[in-house]
Amino acid sequence: MIDIMKRRNLFAFLDCAYQGFASGSVEEDSRVVKLFAERMNQVMIALTFAKNMGLYGERIGALSVVCRSAQEADNVLTQLKRIIRPIYSHPPNWGARLVTLLLNDHHLKTEWFNDVKNMQMRISDMRSQLVRELNRLSNGKYSWDFILQQKGMYCFTGFTEQQSIQLRQEFAVYIATDGRINIAAINDQNIKQIANAIHSVKTNY
């Protein structure tokens with residue numbers, strides 16, 4: 001992909017929203033981002049800690065821009081400041097201070113790495129359980145194994161917008177209208193209810 005983008009002179013804008021939730025390793029999930037930064041002259045990278053640090057209310061993250069020269073970096077920084085000035089100018093620093101504290105303390109950082117790994121393992125387990133339950137309910141009529149090929153917090157069910165709305169209106173199971181479901185919201189107490197609802201909508205609509 002990098003070779004194609006370089007050949008076509010395309011600009012790379014990478015969104016790293018769920019770092020660590022794909023492989024269980026914060027470092028491994030950043031490997032592709034680092035490759036882009038190393039091999040392309042210009043890259044923009046959006047990073048958020050809202051998910052992998054649980055700082056949703058703070059919406060803390062960073063925007064990094066790889067430039068071709070120091071002068072270009074100065075120009076980009078000037079433009080970014082002009083953009084953010086009318087939007088928020090001086091954001092609260094509580095979330096940023098938490099992230100700084102965690103990343104600069106070896107013990108806390110190691111504990112965070114372990115927490116991310118545990119969350120990834122839990123999400124992976126819930127994904128497997130959901131697929132097993134859906135396959136059991138479908139009784140060979142159709143397979144949900146394609147969900148196992150996906151990674152991260154979400155999975156795409158293949159539901160249409162109408163099916164997604166039906167799931168919400170009839171079963172109070174809320175997913176995005178593009179059929180995307182948050183696997184992290186599934187637990188041992190609600191997994192059968194969710195699977196039954198998905199199966200019912202898939203079968204009847």
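Can you tell me which residues in segment 42-66 are farther than 20 Å from residue 22 by Cβ and part of a loop (DSSP other than H, G, I, E, B)?
Answer for segment 42-66, where residues must be farther than 20 Å from residue 22 by Cβ and part of a loop (DSSP other than H, G, I, E, B): 42, 57, 58, 59, 60.
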- [ ] Keeping to segment 67-101, report how many residues are basic (Lys, Arg), over 25 Å from residue 12 (Cβ atoms) and outside any loop (DSSP other than H, G, I, E, B).
- [x] 1
Open item on the list: Cβ-Cβ under 9 Å, sequence separation 6+ or interchain: first residue in segment 1-22 and in contact (Cβ under 8 Å) with a residue 12 or more places away in the chain and under 15 Å from residue 44 (Cβ atoms), partner surrounded by 13 or more Cβ atoms within 10 Å (Cβ to Cβ) and among the charged types (D, E, K, R). Which pairs?
Closed with: 2/39; 16/29; 17/51
Task: Residue among 141, 192 that is over 20 Å from the mean Cα position of the chain (by Cα), outside any helix (DSSP H, G or I) and not acidic (Asp, Glu) - done: 141
Open item on the list: Going residue by residue through segment 157-175, is there one that turns out to be within 22 Å of residue 48 (Cβ to Cβ), at pLDDT 95 or above and surrounded by 13 or more Cβ atoms within 10 Å (Cβ to Cβ)?
Closed with: yes
Task: Which numbered condition residue 58 fails, given (1) under 25 Å from residue 13 (Cα atoms); (2) of a type in the set (D, E, K, R); (3) not assigned by TED's automatic domain parsing to the domain that holds residue 14 - done: (3)
Open item on the list: Which numbered condition in (1) more than 19 Å from residue 151 (Cβ to Cβ); (2) in contact with an Asp or Glu (Cβ under 7 Å, 6 or more places away or on another chain) is the only one that residue 40 fails?
Closed with: (2)
TODO: Quick one: count up the residues across segment 40-58 that are more than 18 Å from residue 96 (Cβ to Cβ) and at pLDDT 95 or above.
DONE: 2
- [ ] Go through segment 15-52 residue by residue and tally those that are within 29 Å of residue 125 (Cα to Cα) and loosely packed, with under 15 Cβ neighbours inside 10 Å.
- [x] 7
TODO: Find all pairs meeting these conditions: Cβ atoms under 6 angstrom apart; at least six residues apart or on different chains; first residue within segment 162-181 and assigned by TED's automatic domain parsing to the domain that holds residue 193 and over 13 Å from residue 197 (Cα atoms); second residue among the acidic types (Asp, Glu) and assigned to a helix (DSSP H, G or I).
DONE: 177/161
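The values are calculated or read from the model by the stated rules, or taken from the named source; none is laboratory data. Quantities reported herein were computed from a predicted structural model and do not represent experimental measurements. Note: ideal-geometry Cβ built from the backbone for every residue, glycine included; neighbour counts use all protein chains shown.
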